[in-house]
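The values are calculated or read from the model by the stated rules, or taken from the named source; none is laboratory data. Note that this is a predicted model, so its numbers are computed, not measured. A quick note on method: Cβ atoms are made from the backbone with ideal geometry, for glycine too, and the neighbour counts reach across all protein chains shown. Accessible surface areas use protein heavy atoms only, side chains included; no ligands, DNA or RNA. Shrake-Rupley method; radii C 1.70, N 1.55, O 1.52, S 1.80 Å.
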Amino acid sequence: MTEQANDIDQETGIETTGHEWDGIKELNNPLPRWWLWCFYLTIIWGVGYTIAYPAWPLVSRATGGLLGYSTRGEVVEQIDAFETQNASLTTALTEVDLAVLDENPELQRFAISGGASVFRSHCSQCHGSGAAGGIGYPNLLDDDWLWGGTRDEIAYTVRHGIRNEVDPDAHWSEMPAYGQIFEREEIDDVVQHVLALSGQAHEAAMAERGAVLFADQCSACHGEDGRGNRDLGAPNLTDAIWLYGGDPTSLTYTVTNSRFGVMPPWSTRLTEAEVKAVAAYVHQLGGGE
Amino acid sequence: MSSSDPPPLYAAQEPIFPRRVSGFYRSLKWWIMGVTLGIYYLTPWIRWDRGPSLPDQAVLVDLANRRFYFFWIEIWPHEFYFVAGLLIMAGLGLFLFTSALGRVWCGYTCPQTVWTDLFILVERWIEGDRNARVRLREADWTARKWQLRLTKWTVWLLIAVATGGAWVFYFTDAPTLLRDLLTFEAHPVAYTTIAIMTGTTFLFGGFMREQVCIYMCPWPRIQGAMMDDHTLTVGYRDWRGEPRGKKHENTTGDCIDCMACVNVCPMGIDIRDGQQLECITCALCIDACDDVMEKIGKPRGLIDYLALSDEPLERAGQPPRPAWHHIFRVRTVLYTALWSLIGVGLVFALFVRADIELTVEPVRNPTFITLSDGSVRNVYNVRLRNKLGEPREFRMSLASDDILRIDVEGADTNVLTVDPDSTTLTRVYVTARPQDPASTEDRTDLRLWVEDVGSAERAYRDTVFNGRAG
């Protein structure tokens, strides 16, 4: 402030602050007193707030506040509240017979939406967020299943897993590596037969020789007609779905070296309700049986 | 100049005791007060039958279920653009009225003005008119003063409680909530809201009054930018009134300096000083002055709705231009046109709202699925919305000549039932056999039809079918 502070505005007769911006001067009107009281009130409020709520940073953590509030605590409360709210549904889901789940639409909706979230957290790493799988990881959207596609069969697979050392009830089967059993030409013949089984272009003469080898070596698991065996997780070789590729090169590699995947048992990490929920979710992706 | 003390930093509120006045504008304001307060207090109690599973309150903002009901209109959250449109219309409407008639919103319809008017009315009934109130303020705190003050505060408080109470009725079923409120079973949020609204109504209407308009409200500053020389505002014809003085003094103008205009002013200003920030153009000074002018046998309109652009004309002794000349200008016509355009657009949008609301979202993760027989399947997330009070059945189909097959997840028929007042999300499959061109073509156009089984109404969405690429 300069000595010009006593400059009087002609229009209003009120003193200006003496400052001038592009020819505009500010009148020095007094503030209303209640405004000052509000200002003091906000200061008192602010002090009270820092006492009631976490505020002042200390060496290892901030002051906790008398109300003991924390945002994490609030989230925990909300999650607890939701779980309490859903407790009866969760119990019902734990006990439900999955085969007749669709007789209870409310429980089915609950299972599917819960299962979707279980799937995204635990399954999508291998099977993909859209459940389309990839080479070596089964596509869960199609109508072909290695170990069965009813809700109960899916739940069993989720619960115990496949070819793992942890769960004695895990699905288990192993295809031998025929590179150590067959000659190179024999492998080529078997591959031609498999191409014939699935209706693809093939060498008829080779396929005929391969059929003999197939009946002898492969049909025990894949079946005489090549339609596979779900008890053994042996894939159907006559359809259009291939876990490791259905072209001659891929088939040759598979027959020579053998290929199979593993899956961990999820009963150790998921609750029974979560297992059933994810089974219900996978079942309604399009291939459920 | 340096001899004077520096101006005070803070000023106490100057008490204002508006005198009773009658006249055209006062009557108009009583009517507007009656209508606006009536709308506010009574609207939640209007009933509107929507069937058994929907609320029967005509105007209801159902936050818990995310619905807004307005008589026959029901708005869901995804239709919030209707509310946005209404807000834009409200904004443009304010622009229009401000550029034509100045702070007419402030003077007649602003809740702060309406409730303050009501509180002043109560004050006058209990404590008497201006002179009695001035005397009462100066008086010692006798039993009579306590009695008058406490009566006044009690009535104010009752109005304030009714105001806060009416507010919460807009958000849940009014009769139920009233019963719960009276039996102390209502949700704490309801009581808290009523308490806050009661407190602010009591404080703002009873004590803060003009302080709210002068210091808290941003609108007067914005309005200043919207007025121009043609805007009709309340003004004083100083060329007619000055020099002011007592009657029978021959040298004076029409103003007899009776202070009637100052005494009735709820903002505590003297309109004869010209347009000022505090003036809310409530026009009560016009009524007061006209009354006096009639009594002394002078023409009315010493204080009147004036346009600044008429001042040179009037000073030169010519009559002012007619009001329509100031009101119908390019600016106001443009505002009206914009306002109407949005209004017509909203009404149009409201009437063409589809009865079948449906979205079809093609699932792109993955783009297609190969089935065991070599068929190609695409998945579509179909959302169907039923706004009616009873369940509806919808049949999904493709165009009749389409060779592709359509299936609905979990259903043998392609009919799905949507519960009343809800939305369903369903996975719908479209399958192309290996021999169909669509199974190998990159993209095939597709039209999904939905038919209301009950009413046979149909709707469709166009989408795309992805084949095995390449």
(message) Tally up the residues in the range B:365-381 that are in contact (Cβ under 8 Å) with a residue 60 or more places away in the chain, within 9 Å of chain A (Cβ to nearest Cβ), open to solvent by 30 Å² or more (accessible area, probe 1.4 Å) and not hydroxyl-bearing (Ser, Thr, Tyr), please.
(response) 1
(request) May I ask you to list the residues in the range A:95-145 that are out of contact with any strand residue (DSSP E or B) (no Cβ under 8 Å at 6 or more places or on another chain), of a type in the set (Asp, Glu) and farther than 18 Å from A:Thr271 by Cα? (result) A:Asp102, A:Glu103, A:Glu106, A:Asp143, A:Asp144
(request) Please find, within the range A:221-246, the residue that is farthest from the other protein chains (Cβ to nearest Cβ) out of those that are part of a loop (DSSP other than H, G, I, E, B) and touching a helix residue (DSSP H, G or I) at 6+ places or on another chain (Cβ under 6 Å). (result) A:Leu232
(request) Taking the residues in the range A:247-289 that are within 12 Å of chain B (Cβ to nearest Cβ) and either over 28 Å from the mean Cα position of the chain (by Cα) or assigned to a helix (DSSP H, G or I) (or both) as candidates, determine which candidate is nearest to A:Gly115 (Cα to Cα). (result) A:Tyr281
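Counting only residues that are open to solvent by 50 Å² or more (accessible area, probe 1.4 Å) and assigned to a loop (DSSP other than H, G, I, E, B), how many does the range A:134-148 have? Show your work before the answer.
Just the residues of the range A:134-148 that are open to solvent by 50 Å² or more (accessible area, probe 1.4 Å), to begin with: A:135, A:137, A:143.
Add one more test, that the residue is assigned to a loop (DSSP other than H, G, I, E, B), and what stays is A:135, A:143.
The total comes to 2.
Restricting the range B:400-410 to residues that are more than 14 Å from chain A (Cβ to nearest Cβ) and open to solvent by 30 Å² or more (accessible area, probe 1.4 Å), which is farthest from B:Glu74 (Cα to Cα)? Break it down stepwise before answering.
Taking the range B:400-410 first, the residues more than 14 Å from chain A (Cβ to nearest Cβ) are B:400-404.
Okay, now just the ones that are also open to solvent by 30 Å² or more (accessible area, probe 1.4 Å), so B:400-403.
Working: B:Ser400: 34, B:Asp401: 37, B:Asp402: 37, B:Ile403: 39 Å.
Only one residue tops the list, namely B:Ile403.
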(message) Restricting to the range B:151-199, give me the number of residues that are among the polar types (S, T, N, Q) and touching a residue at least 12 places away in the same chain (Cβ under 8 Å).
(response) 5
(message) Take the residues in the range B:212-260 that are among the hydroxyl-bearing types (Ser, Thr, Tyr) and at pLDDT 90 or above; name whichever of them is most open to solvent (accessible area, probe 1.4 Å).
(response) B:Tyr215
(request) Might you let me know whether the range A:166-179 holds any residue that is away from chain B (no Cβ under 14 Å) and within 30 Å of B:Val363 (Cβ to Cβ)? (result) yes
(request) With the condition kept exactly as written, say whether any residue in the range A:95-113 is open to solvent by less than 80 Å² (accessible area, probe 1.4 Å), within 14 Å of chain B (Cβ to nearest Cβ) and assigned to a loop (DSSP other than H, G, I, E, B). (result) yes
(message) Of everything in the range A:52-81, what is in a helix (DSSP H, G or I) and exposed (fewer than 13 other Cβ atoms within 10 Å of the Cβ)? Give them in sequence order.
(response) A:Thr71, A:Arg72, A:Gly73, A:Glu74, A:Val75, A:Val76, A:Glu77, A:Gln78, A:Ile79, A:Asp80, A:Ala81
(request) Output the residues belonging to the range A:21-50 that are part of a helix (DSSP H, G or I), more than 10 Å from chain B (Cβ to nearest Cβ) and open to solvent by 90 Å² or more (accessible area, probe 1.4 Å). (result) A:Phe39, A:Tyr40, A:Leu41, A:Ile44, A:Trp45, A:Tyr49
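Among the candidates B:Ser22, B:Ser53, which residue alone is away from chain A (no Cβ under 14 Å), in contact with an Asp or Glu (Cβ under 7 Å, 6 or more places away or on another chain), assigned to a loop (DSSP other than H, G, I, E, B) and closer than 30 Å to B:Asp270 by Cβ? I'd like the intermediate steps shown before the answer.
Values: B:Ser53 fails: closer than 30 Å to B:Asp270 by Cβ.
On inspection, the qualifying residue turns out to be B:Ser22.
Only one of these is within 14 Å of another protein chain (Cβ to nearest Cβ), hydrophobic (A, V, I, L, M, F, W, C) and surrounded by 11 or more Cβ atoms within 10 Å (Cβ to Cβ): B:Ile73, B:Ile16. Name it. Before the answer, list the steps.
On the way: B:Ile73 fails: within 14 Å of another protein chain (Cβ to nearest Cβ).
After ruling out the rest, the residue left standing is B:Ile16.
For residues that are open to solvent by 40 Å² or more (accessible area, probe 1.4 Å) and under 33 Å from the mean Cα position of the chain (by Cα), scanning just the range B:388-397, find the one that is farthest from B:Ala411 (Cα to Cα). Don't jump to the end; show me each part of the working.
Looking only at the range B:388-397, we keep the residues that are open to solvent by 40 Å² or more (accessible area, probe 1.4 Å), and these are B:388, B:390-391, B:393, B:395.
Within this subset, residues satisfying the condition of being under 33 Å from the mean Cα position of the chain (by Cα) are B:388, B:390.
Numbers: B:Leu388: 23, B:Glu390: 21 Å.
The extreme case among them is B:Leu388.
Can you find even one residue in the range B:353-373 that is of a type in the set (Ser, Thr, Tyr) and within 15 Å of B:Arg458 (Cα to Cα)? Give the steps one after another, and end with the answer.
Applying the first criterion (of a type in the set (Ser, Thr, Tyr)) to the range B:353-373 yields B:359, B:367, B:370, B:372.
Next cut, within 15 Å of B:Arg458 (Cα to Cα) only: B:359.
Among the residues of the range B:353-373, at least one is of a type in the set (Ser, Thr, Tyr) and within 15 Å of B:Arg458 (Cα to Cα), which makes the answer yes.
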(message) Give me the residue from the range B:442-470 that is out of contact with any strand residue (DSSP E or B) (no Cβ under 6 Å at 6 or more places or on another chain) and of a type in the set (A, V, I, L, M, F, W, C) and, out of that set, surrounded by the most Cβ atoms within 10 Å (Cβ to Cβ).
(response) B:Ala469
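Going through the range B:88-110 one residue at a time, which ones are under 18 Å from B:Pro18 (Cβ atoms) and either of a type outside the set (D, E, K, R) or not assigned by TED's automatic domain parsing to the domain that holds B:Leu136 (or both)?
If we filter the range B:88-110 for residues that are under 18 Å from B:Pro18 (Cβ atoms), which is where we start, we get B:103, B:106-108, B:110.
Of everything in the range B:88-110, those that are under 18 Å from B:Pro18 (Cβ atoms) and either of a type outside the set (D, E, K, R) or not assigned by TED's automatic domain parsing to the domain that holds B:Leu136 (or both) turn out to be B:Cys106, B:Gly107, B:Tyr108, B:Cys110.
In the list A:Arg151, A:Arg163, which residue meets the criterion of being buried (at least 18 other Cβ atoms within 10 Å of the Cβ) and in contact (Cβ under 8 Å) with a residue 40 or more places away in the chain? Steps first, please.
Details: A:Arg163 fails: buried (at least 18 other Cβ atoms within 10 Å of the Cβ).
Testing whether each residue is buried (at least 18 other Cβ atoms within 10 Å of the Cβ) and in contact (Cβ under 8 Å) with a residue 40 or more places away in the chain leaves just A:Arg151.
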(request) Restricting attention to the range B:421-438, report how many residues are open to solvent by 40 Å² or more (accessible area, probe 1.4 Å) and not in a strand (DSSP E or B). (result) 4
(request) Considering (1) open to solvent by 50 Å² or more (accessible area, probe 1.4 Å); (2) free of Cβ contacts under 8 Å to residues at least 60 places away in the same chain; (3) not in a loop (DSSP other than H, G, I, E, B), say which one A:Gly18 fails and leave the rest. (result) (1)
(message) For the range B:89-147: of the residues being touching a residue at least 60 places away in the same chain (Cβ under 8 Å) and not in a helix (DSSP H, G or I), which is surrounded by the fewest Cβ atoms within 10 Å (Cβ to Cβ)?
(response) B:Asp129
(request) For the range A:154-169, name all the residues that are more than 20 Å from the chain's Cα centre (by Cα) and either closer than 25 Å to A:Gly245 by Cα or of a type in the set (Phe, Trp, Tyr) (or both). (result) A:Arg163, A:Asn164
(request) Report the residue count in the range A:121-145 for those that are over 12 Å from the mean Cα position of the chain (by Cα), within 12 Å of chain B (Cβ to nearest Cβ) and among the hydrophobic types (A, V, I, L, M, F, W, C). (result) 4
(message) Let me spell it out: the conditions are (1) touching a strand residue (DSSP E or B) at 6+ places or on another chain (Cβ under 8 Å); (2) exposed (fewer than 15 other Cβ atoms within 10 Å of the Cβ), and A:Asp169 meets all of them except one. Which number is the exception?
(response) (1)
(message) So B:Leu358 ticks every box in (1) buried (at least 16 other Cβ atoms within 10 Å of the Cβ); (2) closer than 30 Å to A:Trp242 by Cα but one. Which box is left unticked?
(response) (2)
(message) Test of understanding: among A:Leu41, A:Leu36, A:Leu67, which residue is of a type outside the set (Ser, Thr, Tyr), within 30 Å of B:Leu203 (Cβ to Cβ) and in contact (Cβ under 8 Å) with a residue 12 or more places away in the chain?
(response) A:Leu67
